[in-house]
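Note sheet for the following structure.
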Amino acid sequence: MNKVLCLVALLFAGVANATIISGDFRTESDLPYCCFDAGPLVYEDLNASVGAGNELDSTDLLSNDSDWFGGSVFIDLDPTTNIVTLSSQDNLDFEVFTAFISNIVFDAGESITGLSWISGNLTDIAVPEALSFTANSIEISYDVGDGNDTFYFTGTQAQFQIETQSGSVAVPAPASVLLLSLGLLALVGRKRYHA
């Protein structure tokens with residue numbers, strides 16, 4: 001019985017380790033192919049604490065060298081599920097958009113092992129998102145390509161899952177740990193019932 005309880009405690013400790021504490025959040029929007037070459041519209045929030053609410057929003061305007069307004073996309077990172085939500089706030093057109101979360105700090109020893117699209121579309125046309133990651137950063141970008149149409153931010157949102165790993169063992173999702181724990185407790189209870 002004590003061995004089972006220790007195993008359950010270790011599993012829950014592994015989930016707790018996957019918490020994201022802070023990171024650098026940045027978005028860039030631009031029209032490089034047709035109109036502007038002065039530089040992108042940039043929002044940035046460095047060393048932002050991750051928790052309730054958006055980590056990047058309209059208050060984080062850093063520069064707008066092209067004097068082109070729009071492209072405001074809020075970033076919300078859920079520190080326990082590692083789900084990133086990009087929420088578009090307007091409908092002005094752009095040819096490229098990139099969201100960065102870098103220098104991600106975990107509460108203990110994790111690294112990013114994957115990034116995948118979950119749901120939604122940030123734009124009004126079918127622009128496929130390009131996803132990339134390192135051990136402590138992610139990048140999500142949209143690019144219509146030279147000679148193609150622009151896209152509009154549509155007031156919708158897109159969600160992405162960050163996958164992490166602690167040491168050499170993948171960090172399980174909280175629901176998986178709960179189910180495993182309940183199964184182990186049921187086995188212990190069954191063993192005691194038959195004893």
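Just the number please: accessible area per residue for the range 66-119, 1.4 Å probe, all protein chains included, in Å². Before the final figure, lay out each step's value.
Numbers: 2060 Å² over 54 residues.
Each residue of the range 66-119 exposes 38 Å² on average to a 1.4 Å probe.
From the phi of every residue in the range 99-113, what ³J(HN,Hα) in whole Hz does the Karplus formula 6.51 cos²θ - 1.76 cosθ + 1.60 yield, where θ is phi - 60° and glycine or proline is x?
Karplus-based 3J(HN,Hα) across the range 99-113 equals 10, 10, 10, 10, 6, 5, 10, 9, 6, 5, x, 7, 9, 7, 10 Hz.
Under 5 Å between amide hydrogens, which residues at least 5 positions from Gln89 or on another chain qualify, with H placed 1.01 Å from N in the peptide plane?
The list, which skips near neighbours in sequence, is Ser72, Phe74, Gly155.
Over the range 78-173, with every protein chain in place, what whole percent of the accessible area is carbon and sulfur at 1.4 Å, could you tell me?
Working: 2190 of 4340 Å².
About 51 percent, which is the carbon plus sulfur part of the accessible surface.
The values are calculated or read from the model by the stated rules, or taken from the named source; none is laboratory data. The shown structure was predicted, so the numbers you read here are calculated from the model rather than taken from an experiment. In case anyone asks, the SASA skips ligands and DNA or RNA and just uses the protein heavy atoms, side chains included. Shrake-Rupley method; radii C 1.70, N 1.55, O 1.52, S 1.80 Å.
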